[in-house]
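**Q** Quick one: structure below, then a few questions.
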Amino acid sequence: MAKRQETKGPTQRQLRVGEIIRHALSQIISRHEVDDPVLSKHVITVPEVRMSPDLKIATCYVMPLGGKDIDLVVATLERSKKPLRLAIAKHVRDMKFCPELRFRRDESFDEAARIDALLNSDEVRRDMLSPKTMIDTSND
């Protein structure tokens, strides 16, 4: 009997279902299909949805435009889980069940800004221009 190999990352199925849920959720939020005054005031981006291995839980990473009122938006989405889940079930008909939704702040934008600031810092510029970092190719 062959041993099953451990996978480090998400499976193709998890990625595919996460992308389907992400598209449906983005459409629902942008079309204001769930009536909520907080959600209708913000332009919300859904950059990623991660599915659990059994596809029963969808962790949705969200960010309002400019990062404005992020805590309020995430709290509102958490309160609106049930109508959002019903709307997703209507949009995605070829799934056996609709996953439970969990909403989290997307921190990838913050991380990218932190890396940009680090790369643009004086210390990094100095290190990049120092002669020690230059590779000597004259011996080739």
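The values are calculated or read from the model by the stated rules, or taken from the named source; none is laboratory data. These numbers come from a predicted model, not from an experiment. Backbone-built Cβ (ideal geometry, glycine too); neighbour counts: all protein chains shown.
**Q** I need the full set of residues from region 79-107 which are within 17 Å of the chain's Cα centre (by Cα) and among the polar types (S, T, N, Q), in order please.
**A** Passing the criteria: none in range.
**Q** Given the structure, is residue 110 more than 17 Å from residue 25 (Cα to Cα) and not aliphatic (A, V, I, L, M)?
**A** Yes, satisfied.
**Q** If you check residue 26 against the conditions, is it among the small types (Gly, Ala, Ser), surrounded by fewer than 17 Cβ atoms within 10 Å (Cβ to Cβ), closer than 25 Å to residue 96 by Cα and at pLDDT 90 or above?
**A** no
**Q** What are the residue pairs meeting all of these: first residue in region 7-33, first residue under 13 Å from residue 87 (Cα atoms) and touching a residue at least 24 places away in the same chain (Cβ under 8 Å), second residue part of a helix (DSSP H, G or I) and β-branched (Val, Ile, Thr), Cβ atoms under 7 Å, and 6 or more apart or on different chains?
**A** Listed pairs, sorted by first residue: 21/88; 24/88; 25/88; 28/88.
**Q** Counting just the residues of region 43-78 that are under 20 Å from residue 11 (Cα atoms), over 15 Å from the mean Cα position of the chain (by Cα) and not basic (Lys, Arg), which one comes out surrounded by the most Cβ atoms within 10 Å (Cβ to Cβ)?
**A** 55
**Q** If you go through region 68-121, how many residues are of a type in the set (A, V, I, L, M) and part of a loop (DSSP other than H, G, I, E, B)?
**A** 2
**Q** Somewhere in region 88-100, is a residue among the acidic types (Asp, Glu) and over 28 Å from residue 10 (Cβ atoms)?
**A** Taking every residue of region 88-100 in turn, none turns out to be among the acidic types (Asp, Glu) and over 28 Å from residue 10 (Cβ atoms).
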